[in-house]
Amino acid sequence: MAVILLEDTQELIMVRQYRAGADMYLLDCPAGMREGNEDPQGAVIREVMEETGYEAKSIQHIFHTALSPGAYTEVSDIYFIRTDSKMKTGKGGGLTVESEEIEVFKIPVNEVIQMIHPDYLGHQKIIDAKTISAIQWLENDYLKMIE
């Protein structure tokens, strides 16, 4: 999974796609599975290109997480990617051969941060745990470093 910052516009690249486990469309950070012996960083760079069409200017591993280690074996490596608008060199939207239908959004950083926090009725726009954790890292660590 990758938190992708467009440095020139201070927007995050987010994707919206159907998630069978939740049985709904979710807004989250681009993510995907490793292929064969692919290393996690290579996989995230490939998935980001497939899903968003953006190349990375820089990439930083921010953490490794197990989502529900008592019940599932899924683990994720979370990355922070810096890019800019000029680095969109691919189509994005996912792979037709994998039946991916991915919408790509550019959303201001502060708006995405608000989307992980419940509103006054207790609703939030982003519910994916990996995405929430990654955006909380951005909110708590990265944004404080650049202030």
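The values are calculated or read from the model by the stated rules, or taken from the named source; none is laboratory data. Treat the numbers as computed from the prediction; the structure is a model and nothing was measured. Here Cβ is always computed from backbone atoms with ideal geometry, including for glycine, and neighbour counts include all displayed protein chains. Side chains included, ligands, DNA and RNA excluded: accessible areas come from the protein's heavy atoms. Shrake-Rupley method; radii C 1.70, N 1.55, O 1.52, S 1.80 Å.
Please compute the per residue accessible area over the chain with all protein chains in place, 1.4 Å probe, rounded to a whole number of Å².
Details: 8410 Å² over 147 residues.
Accessible area per residue, the chain: 57 Å².
Can you show me the helix-derived [θ] at 222 nm for the chain, built from DSSP H runs with n ≥ 4 at -39,500 (n - 2.57) apiece and divided by the number of residues, rounded to the nearest 500. It would help to have the intermediate numbers written out before the result.
Values: 4 runs with 33 residues, N = 147.
Calculated mean residue ellipticity at 222 nm is -6000 deg cm²/dmol.
How high is the FRET efficiency from Thr65 to Lys86, r the C-beta distance, R0 30 Å, rounded to 0.05?
Working: r = 32 Å, r/R0 = 1.05.
With R0 = 30 Å, the Cβ-Cβ based efficiency is 0.40.
Count the lysine pairs in the chain whose Cα atoms lie under 25 Å apart, taking only pairs 8 or more positions apart in sequence or on different chains.
Within the chain, the lysine pair count is 16.
Top mean-square fluctuation among Gly70, Gly42, Gly32, Gaussian network model of the chain, C-alpha springs under 10 Å?
Highest fluctuation among the options: Gly70.
I'd like to know which of Gln17, Ser85, His123 lies farthest towards the positive end of the charge dipole of the chain, counting +1 on Cβ of Lys and Arg and -1 on Cβ of Asp and Glu.
Ser85
Answer with a single label: of [x] 29, 20, 12; [y] 21, 20, 17; [z] 25, 22, 10, which was calculated as semi-axes √(5λ) of the Cα gyration tensor in Å from the structure in view?
Computing semi-axes √(5λ) of the Cα gyration tensor in Å and matching it to [x] 29, 20, 12; [y] 21, 20, 17; [z] 25, 22, 10 gives [y].
For segment 23-91, which trypsin sites (Lys or Arg not before Pro) pass both filters: DSSP loop (anything but H, G, I, E, B) and at most 16 other C-beta atoms within 10 Å? Write down the numbers at each step before the final one.
Working: sites: Arg34, Arg46, Lys57, Arg82, Lys86, Lys88, Lys91; in loops: Arg34, Lys57, Lys91.
Within segment 23-91, the qualifying trypsin sites (Lys or Arg not before Pro) (loop, at most 16 other Cβ atoms within 10 Å) are Arg34, Lys57, Lys91.
Counting only chymotrypsin sites (Phe, Trp or Tyr not before Pro) that are in a DSSP loop and have at most 14 other C-beta atoms within 10 Å, tell me the longest site-free stretch of the chain. Don't jump to the answer; show the numbers that get you there.
Details: sites that count: Tyr72, Tyr120.
With a cap of 14 other Cβ atoms within 10 Å, the longest stretch comes to 1-71.
Give me the percent relative contact order of segment 1-140, please, defined on Cα pairs under 8 angstrom at least 6 residues apart.
Working: 264 pairs, mean separation 42.2, N = 140.
Relative contact order, segment 1-140: 30 percent.
If each residue of separation counts as 0.36 nm, what is the full-extension length gain between Asn37 and Gln136 once their alpha-carbon separation is subtracted?
Working: separation 99, 0.36 × 99 = 35.64 nm, distance 3.00 nm.
The span from Asn37 to Gln136 would gain 32.6 nm if fully extended.
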